Amino acid sequence: MISITVRNIPDDVMERIRALSAVDKRSLNNEILVLLEKGVFTEVDEKIQGKKHISKSAQVEIWKRLIGTWDDDRSVKQIIDDIYSHRTTGREVNL
């Protein structure tokens, strides 16, 4: 697992994190991890659902992290180009 240091956290943000940590009975570190995870997933969900657009390079990075590895004779670029060439836009989906 990766560790990072976050600098220059505004005082009011830190106070709110401390308050949430106390309410949720979590350590400060765990509360920050929960908030970070929620924020990241919310942001990615919003962008993927079309509320915000993300760049092709960001999508490629997301795909690389989500899909892992597989056996395929094509290059990563060929696979990505194949995905893009088979996309449709603006269609209604009923679930």
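The values are calculated or read from the model by the stated rules, or taken from the named source; none is laboratory data. Only a predicted model underlies this, so the values are computations on that prediction, with no experimental measurement involved. Note that each Cβ is placed from the backbone with ideal geometry, even for glycine, and that neighbours are counted across all protein chains shown.
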Do any helices (runs of 4 or more DSSP H) lying entirely in the stretch 1-72 carry at least 1 residues that are within 24 Å of residue 92 (Cα to Cα), and which ones are they?
-> 28-48, 56-67
List every residue pair whose Cβ atoms sit under 8 Å apart, with the two residues 6 or more apart in sequence or on different chains, where the first one lies in the stretch 6-33 and is modelled with pLDDT of 90 or more and the second, anywhere, is aromatic (Phe, Trp, Tyr).
-> none
